[in-house]
Each structure stands twice: as structure tokens, then as C-alpha cells.
Amino acid sequence: MSNPAITSLDEAAPLAVTPVRNVAAAVLVAEDGRYLLQLRDDKPGLHLAGHWALFGGALEPGETAADGLRRELIEELDFTAGPIEPLAVSIHAVAPALAPYRMHFFAVPFQLAELDFMVQTEGAGKGLFTIAEACALARIAPWDLCALLLHARRTVLFPDKQGD
């Protein structure tokens, strides 16, 4: 992060209200630039059932976003992440429910060779996508697509921030 006074995504976007869900999500990016996404189960009542989404999930009380992300990756993929980089935090309330969600996004690099050892325990499947392929998906979580675009276009969007 370029502001030395801010040391976490929590400090970057303090809340005036407690979110209904406080979530950490991984922008898993392979060395070839493709992104690993999860196909969510197509179960009635499941939020965004049958959609492609990032791996991650709800934070537990008192858990930092980074710790929650690492826990979720172990739970969902049996994957222990190496270095992770804060990417963005978003707070949104979508109609009709208007329940506030707080999403912490982290860039998580991985090697394609590691994919063979990732054991998915949640969802209907997983897939690797270029950013163009992800943008063309008919059913993808919109906030996750936004995080993918922020990552994929970071050098164009923020050319002066590279190397910070």
C-alpha cells in the first residue's frame, strides 16, 4: 500500500455499521496471468448459486482479513498460500436486501504446478481463465469480476504506483 499510515485493508475502509458479511477473497493468479475461479454449487438458496467466483469466505470474529483468507484457502483448496498482497476492499449493499457486505480482496500468486495438488472441498468445480474469458462469463460474481479487473489492469490504472 502506498500510504504508510495505512497498514491493512481494515484501516483503509473503516465501517460506520457492522456488515452482515465480512469476507476475504483471493485473486489467485498463475504465473501465466490466468485466474483460478470457483464454480459455486447450484443449490437453491445459496448466494450466487451456479456463478463463477473467487475462492474465500466469511471472516470469523476477531480474525484479520489476511488470516481469514489463508484459513479459507486451506479449507476450500487444501492450499497454503505464500505471499499475499492486499488488492482492494469494497463495501456494498445491493438492492433489494441492501445488507452491507465488506469484501477484502488479496492477490495470491501460485504456480501452475501447484494446481494439481489443490483439492477443492467446496463448490461444483474450478477453472483457469484469462481476464478476457472471465469478462465473457455469463454468470460471475460482479464484485469478484471487479477485483479481477483491478488486478489485471493495475499497471494501466495506477502506472505511478508500481513498485510501491
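The values are calculated or read from the model by the stated rules, or taken from the named source; none is laboratory data. Treat the numbers as computed from the prediction; the structure is a model and nothing was measured. Cβ coordinates were reconstructed from backbone atoms using ideal geometry, including for glycine residues, and neighbour counts include every protein chain displayed.
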Revision key, fill the gap. Only one of Ala88, Ala99 is in contact with a Pro (Cβ under 9 Å, 6 or more places away or on another chain) and among the hydrophobic types (A, V, I, L, M, F, W, C), namely Ala99
Point to revise | Residue check for Arg139: under 16 Å from Phe55 (Cα atoms), surrounded by 12 or more Cβ atoms within 10 Å (Cβ to Cβ) and out of contact with any Cys (no Cβ under 7 Å at 6 or more places or on another chain) | key: yes
Check your understanding: Residues Ala138, Ala132, Ala152: which one is hydrophobic (A, V, I, L, M, F, W, C) and in contact with a helix residue (DSSP H, G or I) (Cβ under 7 Å, 6 or more places away or on another chain)?
Key -> Ala152
Check your understanding: Within the stretch 110-136, which residues are surrounded by 15 or more Cβ atoms within 10 Å (Cβ to Cβ) and either at pLDDT 95 or above or within 14 Å of the chain's Cα centre (by Cα) (or both)?
Key -> Phe110, Glu114, Leu115, Met118, Gln120, Lys126, Leu128, Phe129, Ile131, Ala134
